[in-house]
Amino acid sequence: MYCRNCGNQIADNAAVCVKCGVSVGVGTSYCPNCGQPTMPGASACTNCGVFLTQPVSPANQKSKMAAGLLGIFLGGLGIHNFYLGKTNRALVQLLVCLIGGVLTCGLAAVAMEIWGLVEGIMILAGSITEDGNGVPLKD
């Protein structure tokens, strides 16, 4: 195994590189399998062919269509953000819609619906491309 930061060979059970002090797996400059320099942003090593990043499993991807439609129709309650794993934002939308809606005679609920509608359209248009964990949305 090789350090991703400096390319130095390290033991398989090492926690840090003894040459540069960086934790194992941190860095993008060298291949962890063969130790050769890698191009910035490369997904696989051109020398040995090993993946430099973990490929995204289709089972973990959320549907762009589902998220967009949830945003358009139930966006005021933040349902689309719960679906995408953006829990804090979803809770704010839900609480403002329910509690603020009662206190402002529905005005806050209307504002949250507009917010949800805009986010739903942005998801469908491709402006929002990742879920709360940074996993790309599938078409």
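Residue pairs whose Cβ atoms lie under 6 Å apart, separated by 6 or more positions or on different chains, with the first residue in the range 84-106 and free of Cβ contacts under 8 Å to residues at least 12 places away in the same chain and the second not in a loop (DSSP other than H, G, I, E, B), are Arg89/Asn81; Gly101/Ala108; Gly101/Ala109. For Ile128, only one of the following conditions fails: (1) under 28 Å from Asn60 (Cα atoms); (2) among the hydrophobic types (A, V, I, L, M, F, W, C); (3) assigned to a helix (DSSP H, G or I). What is its number? Here Ile128 meets the rest and fails (3). State yes or no: is Gly134 at pLDDT below 95, in contact with a helix residue (DSSP H, G or I) (Cβ under 9 Å, 6 or more places away or on another chain) and either of a type in the set (Gly, Ala, Ser) or closer than 30 Å to Asn8 by Cα (or both)? No.
The values are calculated or read from the model by the stated rules, or taken from the named source; none is laboratory data. Given the structure is predicted, the values throughout are model-derived calculations rather than measurements. We place every Cβ from the backbone using ideal geometry, glycine too, and count neighbours over all the protein chains shown.
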